[in-house]
Amino acid sequence: MPSLPDIGSTMSLGPGRRSIAVRILAALAAVLLVASGCAAIRTADDGSAPPVAPVTVTLGGREWTLLRDPGIGMRFRADFGGADGMLFDMLDEADPSAVVFVMDDVPVPLDIAWFDAAGVLVGVAHMDPCEDSPCRTYAAPRPFRWAVEAPVGALDFLRSDDRLIVPVEGLG
């Protein structure tokens with residue numbers, strides 16, 4: 001049987017392109033793990049949701065305290081622990097067909113708002129808990145960088161020209 005060529009040895013990327021390729025591959029691997037259900041869900045030692053640090057943002061002209069996504073969103077959480085909601089940062093604009101939200105292991109309904117890299121509102125949706133597999137997925141209507149999950153009705157004040165402002169210190 002003939003051997004297959006070693007494609008990796010013939011491909012050469014410059015330092016900048018190599019960095020981009022590594023980031024793209026890492027993002028694809030993470031999406032595939034989550035989509036296939038193979039990603040390990042991190043929980044505290046007692047099986048509850050892990051603690052998360054808050055960040056203060058401006059949402060539609062109002063100050064909000066949001067929890068930073070711990071990597072599992074609202075899984076295993078019945079509330080936001082006194083915060084107004086949860087902030088998801090994709091680090092760059094994400095393709096809505098590649099990054100979707102799912103409500104498995106989330107015991108309460110939530111509303112979600114997506115914002116682009118400039119903080120402009122992209123869309124809003126209501127999400128119900130998932131009780132049977134496969135779970136429904138929720139995707140932004142256009143590319144987005146940020147998502148905010150909040151209790152049902154908390155995002156009803158948002159209008160199409162509203163913005164999300166995340167301070168630089170909230171990015172770390």
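The values are calculated or read from the model by the stated rules, or taken from the named source; none is laboratory data. All figures in this text were calculated on a predicted structure; none of them were measured in a lab. Note that each Cβ is placed from the backbone with ideal geometry, even for glycine, and that neighbours are counted across all protein chains shown.
Below are the figures for this structure:
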| read-out | value |
| --- | --- |
| Residue that is nearest to residue 99 (Cα to Cα), among those in the stretch 117-156 that are assigned to a loop (DSSP other than H, G, I, E, B) and touching a Lys or Arg at 6+ places or on another chain (Cβ under 6 Å) | 117 |
| From the options 152, 99, residue that is closer than 18 Å to residue 59 by Cα and of a type in the set (Val, Ile, Thr) | 152 |
| Cross-chain or 6+ apart pairs with Cβ under 9 Å, the stretch 89-100 first and surrounded by 14 or more Cβ atoms within 10 Å (Cβ to Cβ), then among the acidic types (Asp, Glu) | 89/69; 93/116 |
| Near pairs, Cβ below 9 angstrom, 6+ apart or cross-chain, from the stretch 110-129 (on the phi > 0 side of the Ramachandran plot and in contact (Cβ under 8 Å) with a residue 40 or more places away in the chain) to any residue that is in a strand (DSSP E or B) and surrounded by 19 or more Cβ atoms within 10 Å (Cβ to Cβ) | 119/145; 119/146; 119/164 |
| Any hit, the stretch 149-164, residues being in contact (Cβ under 8 Å) with a residue 60 or more places away in the chain and under 18 Å from residue 53 (Cα atoms) | yes |
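Condition check ((1) within 23 Å of residue 79 (Cα to Cα); (2) modelled with pLDDT of 95 or more; (3) surrounded by fewer than 19 Cβ atoms within 10 Å (Cβ to Cβ)) across all residues:
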position	(1), (2), (3)
105	yes, no, yes
114	yes, yes, no
143	no, yes, yes
149	yes, yes, no
